[in-house]
Ligand code: SF4
Ligand code: SF4
């Protein structure tokens, strides 16, 4: 975690200002060393990614727009040779989360100290199940090694399972296992991208596959279990508001949120193309964004996205639910307990690290 005066100032001056795009997910590369079933990124490699210099120019634009939080993902962003330079710059100005499939983080401890969170994807406590999902033998061992190495070296690591039919009944156990060890948990939700878009940034899932959750009541029960666990357990990073909205959606079909793509959040791909979310066509390049942000075209797109109900991606729902001043205040209150808990966990792992070195 890195605390700089520029970062603190940016968070304080932008977090409670409405109509600013607070969250950005930057898919910096399509390079990936895993073969996850249901993901097409590794099948479609492209060489035309932005250079570190161009990314830094893009980050300056994001600062000027009022972005406060950036998630670096891909592909696997840690496979970029220039990730050190990119992460160093990003973490100076933004709350920064980096994703890793678990294969690389343990080799990059020093640079990852700058990240506010390193999210390691881990889908099961059973090595066979995890390796099967990732399509690589030994993936579970690598992920556990990354989690342990980062944690014992005082780096803020979080575990991020993708909830699917293959692990839905294991999610409470995974949550308990890691939070008991001082490691927070955030979730992704496997869902088939129902929009049929030829040029979407990436697509996930097939119409009917083994990952699709067959019975929605299982998801309702999981939301109930996590809501209950949240009452007496720290480290579950998904908010109560998000869990309640999901529960309502899976039990009655009612979406209590309007999608805030291109309002609260947007995504950028490896070429620097900007989309409201990864299911829609790119609409401009990051370098055109300052001219486009308040354009009529963007205003119309926001209206289209606000009516869209095509996905149940947890991050997008979370960002849609937490955007206004009151929602951000509620988010701050919701996460205060976790923040204190995280500080204690960090001090403990720092102490352990200092005693070893
Ligand atoms: S889901 Fe992530 S880790 Fe898995 S193949 Fe796709 S990009 Fe790689
Ligand atoms: S609901 Fe929002 S995030 Fe999901 S596909 Fe539609 S516009 Fe994209």
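None of the figures in this text is laboratory data; all of them are computed from the coordinates on show. No experiment lies behind these values; they were computed from the predicted model shown. When we count neighbours, we look across all protein chains shown, and the Cβ atoms used for this are built from the backbone with ideal geometry, even at glycine.
Of 3, 157, 24, the sequence from fewest to most neighbouring Cβ atoms within 10 angstrom is 3, 24, 157. Counting other Cβ atoms within 10 Å as a rough exposure proxy, the listed residues 179, 242, 152, 217 run 217, 152, 179, 242 from fewest neighbours to most. With the simple spin-label model, which puts each label point 7 Å out from Cα in the Cβ direction, the residue 165 to residue 47 separation comes to 4.0 nm.
Neighbour counting of Cβ atoms within 10 Å sorts the residues 237, 43, fewest neighbours leading, into 43, 237. For the range 27-68, the square roots a ≥ b ≥ c of the C-alpha gyration tensor eigenvalues yield an a/c of 1.5 or more together with a/b exceeding b/c, which makes the shape prolate.
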